[in-house]
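Please treat every number below as a calculation from the coordinates, not as lab data. Values in this document were obtained by computation on a predicted structure and should not be read as measured data. Note that we place each Cβ from the backbone using ideal geometry, even for glycine, and neighbour counts take in every protein chain shown.
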Amino acid sequence: NALTPLIYLLNRLVPIHLEEGLEICVRSQDLPVGAGLGSSAAFGVACAAALVKLSYSTSTSPPSSSLFKNPEGQPSSNDLETIYTYAYYSEVLLHGTPSGIDNAVSTFGGA
């Protein structure tokens with residue numbers, strides 16, 4: 001069940017024409033599960049950001065505003081909205097009716 005959000009993100013964001021395999025490595029320092037720390041939202045945002053960046057790099061027509069066009073390497077506000085949306089829907093699959101606050105803090109900061 002914990003992999004459902006990642007599988008959703010992979011299906012939505014990884015191009016089918018990707019000829020090479022994809023290896024995803026997640027390292028965690030024993031975050032307590034179910035402790036209300038927003039770790040699933042942070043995980044969803046991290047995965048969404050990485051896969052959005054991958055989808056931009058392999059697209060034949062990447063969006064005009066992308067993670068690769070910003071000289072500082074920072075995502076644009078449009079990129080952040082895209083990342084937030086994918087991460088939020090991955091949380092819906094995991095929790096049913098998340099508030100979206102954890103995803104927003106993980107995506108946009110400002111806690």
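In terms of packing, defined here as the mean over residues of other Cβ atoms within 10 angstrom, the peptides 1-11, 41-51, 74-84 line up highest first as 41-51, 74-84, 1-11. Under 20 Å from a point placed 7 Å out from the Cα of N11 along the Cα-to-Cβ direction: which residues of the stretch 79-111 have their backbone N that close? What the label zone holds, given the 20 Å backbone N cut-off, is 83-98. Remark: the L37-L93 segment gains 18.4 nm on full extension, using 0.36 nm per residue and subtracting the alpha carbon distance.
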